[in-house]
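Inspection log for the structure reproduced underneath, given as structure tokens.
The values are calculated or read from the model by the stated rules, or taken from the named source; none is laboratory data. As the structure is a prediction and not an experimental result, all values here were calculated from the model. Don't worry about glycine lacking a Cβ; one is built from the backbone with ideal geometry, like all the others, and counts go over all protein chains shown. In case anyone asks, the SASA skips ligands and DNA or RNA and just uses the protein heavy atoms, side chains included. Shrake-Rupley method; radii C 1.70, N 1.55, O 1.52, S 1.80 Å.
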2 protein chains.
Amino acid sequence: MKKKEYLLGKVYGLLEPGPVVLLTTQRGGKSNVMTLSWHMMMDFEPPLVGCVVSNRNYTFEILSETRECVINIPTVELAKKVVACGNASGRTVDKFKKYGLTAEPASNVEAPLIAECYANLECRVADMRMVESYCMFVLEVVKAWMDPKTKWARTMHHLGKGVFMIAGKRMKLRSKMK
Amino acid sequence: MKKKEYLLGKVYGLLEPGPVVLLTTQRGGKSNVMTLSWHMMMDFEPPLVGCVVSNRNYTFEILSETRECVINIPTVELAKKVVACGNASGRTVDKFKKYGLTAEPASNVEAPLIAECYANLECRVADMRMVESYCMFVLEVVKAWMDPKTKWARTMHHLGKGVFMIAGKRMKLRSKMK
């Protein structure tokens, strides 16, 4: 799919509903990807995203060192790959190769975009003060990409132990909320 | 609905999918409620939850002072009330009264449970170090309640500007993930 640049001021609407995401990193020319559900928006613009990455994960050390990553948002068509990425470690497996994910170059960071995901958010680590206590990173989204054909993303939302809720119907209510 | 105590070790499965929640607080015998989407799990047990509450919100000052709150999880039947709570301030409106929400006493905190929500998480503020920089509170869930009749909660997930995604179908994949 051919992505278009997406307004940074609209990024919150992609993460606020709480989808499972794939976090990509790169170090020494080697890419890695992990499955992540523990994230939240922290500011609108520039978009800040908090996330918790266990220090048992390979991604933790790469992210701490390179301070760059990409948040890739998958839809349900990628469900098996999303779960596979959550059950293997990049220390022993090249998950891109093994699970058939396509790494594309990002424009502002070394970490790759996942071509199969409908949205990709290039991020730099903005704050590491909560890493020691909570393995929490504050990320700033510096560039965002979106598949313009995806109007109604059937995102996956993890309920625990491999059970996922798939994004259902939409409804609009009159609101002044951003 | 008659709630039952819910295991603290299972709380992450309620918040990880990213539902809109209603945050209740209490000060001087006066209860307040706000709508919140910016939250994430930070640890399994005891369950830690990060959340960002704007310092323009009335809840910000009550939460900072009392260091207690309840996270109430609504389903789509409460959609109009959820949006109404997000569009008014407790400084000028008694939202419980105006929107017909029922406050029930919690067991470990002064803030009330919302009877109409299918799950209620009693919380104490565990860490305020990120409040100054990001208006972010780390909450510890000290007691959890659940309606045992709700097996498939049709939670609401905010996409921005009053547009919500309603929780759709569930699927289970083989996974070692917690």
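Taking the Cα centroid of segment A:60-112 and of segment B:144-178, what is the distance between the two, rounded to the nearest whole Å?
If you average the Cα positions of each part, the centres end up 25 Å apart.
With the contact rule set at Cα under 8 Å and sequence spacing of 6 or more, what percent relative contact order holds for chain B? It would help to have the intermediate numbers written out before the result.
Numbers: 369 pairs, mean separation 48.1, N = 178.
Relative contact order, chain B: 27 percent.
Sorted from largest down, give the three principal axis spans of the alpha carbons of chain B, whole angstrom values.
Reported extents, whole Å, longest axis first: 48, 34, 32.
So which of A:Lys10/B:Lys172; B:Lys98/B:Lys169; A:Lys4/A:Lys176; A:Lys151/B:Lys169 end up more than 24 Å apart, counting from Cα to Cα? Before the final figure, lay out the partial values.
Working: A:Lys10/B:Lys172 31 Å; B:Lys98/B:Lys169 33 Å; A:Lys4/A:Lys176 28 Å; A:Lys151/B:Lys169 19 Å.
Pairs exceeding the cut-off: A:Lys10/B:Lys172; B:Lys98/B:Lys169; A:Lys4/A:Lys176.
When the Kirkwood radius is taken over all Cα pairs of segment B:128-178, what Stokes-Einstein diffusion coefficient follows at 25 °C and 0.890 mPa s, in µm²/s?
160
Could you tell me what percent of the accessible area of chain A is made up of carbon and sulfur, with a 1.4 Å probe and every protein chain present? Let's see the in-between values first.
Numbers: 3840 of 7680 Å².
Percent of accessible area from carbon and sulfur atoms in chain A: 50.
At the nearest 100 Å², what buried accessible area, both sides summed, do you get for A and B when the probe is 1.4 Å?
Rounded to the nearest hundred, the buried surface is 5000 Å².
Label-to-label distances across copies for A:Pro46, with labels 7 Å out along Cα→Cβ, in nm, shortest first?
Once sorted, the set of distances for A:Pro46 reads 3.6 nm.
Please compute the Cα-Cα pair-distance distribution of segment A:16-106 with 5 Å bins starting at 0, giving whole percents from short to long.
Computed distribution, short to long bins: 3, 12, 26, 26, 20, 10, 3, 0.
Using only alpha-carbon positions, what ratio does the radius of gyration of the protein assembly as shown give when scaled by 2.2 N^0.38 Å? It would help to have the intermediate numbers written out before the result.
Working: Rg = 19.4 Å, N = 356, 2.2 N^0.38 = 20.5 Å.
Normalised Rg, Cα atoms only: 0.95.
If you place +1 on the Cβ of every Lys and Arg and -1 on the Cβ of every Asp and Glu, how big does the dipole about the Cα centre of segment A:104-178 come out, in debye to the nearest 20?
880
How large is the charge dipole for segment B:1-139, taken about the Cα centre, if only the Cβ atoms of Lys, Arg (+1) and Asp, Glu (-1) carry charge, to the nearest 20 debye?
Value, rounded to 20: 500 debye.
Can you list, shortest first in nanometers, how far A:Thr102 lies from the same residue in the other copies, with each label 7 Å from Cα toward Cβ?
5.4
Per residue, what accessible area does the protein assembly as shown have, given a 1.4 Å probe and all protein chains present, in Å²? Present the calculation step by step, with values, prior to reporting the outcome.
Numbers: 15370 Å² over 356 residues.
Normalised by residue count, the accessible surface of the protein assembly as shown is 43 Å².
With chain B rotated onto chain A, spot the residue of B whose Cβ lies nearest the axis and note the distance in whole Å.
For chain B, the closest residue to the axis carrying it onto A is B:Gly18, 1.
In nm, one decimal, shortest first: how far is the label point of B:Lys80 (7 Å from Cα along Cα to beta carbon) from the matching points in the other copies?
When each copy's label point is compared with this one, the spacings are 4.6 nm.
Treat every Asp and Glu Cβ in segment A:13-85 as -1 and every Lys and Arg Cβ as +1, leave all other atoms uncharged, and give the resulting dipole magnitude about the Cα centre to the nearest 20 debye.
Details: 6 positive and 7 negative charges, 83 e Å.
That gives a dipole near 400 debye.
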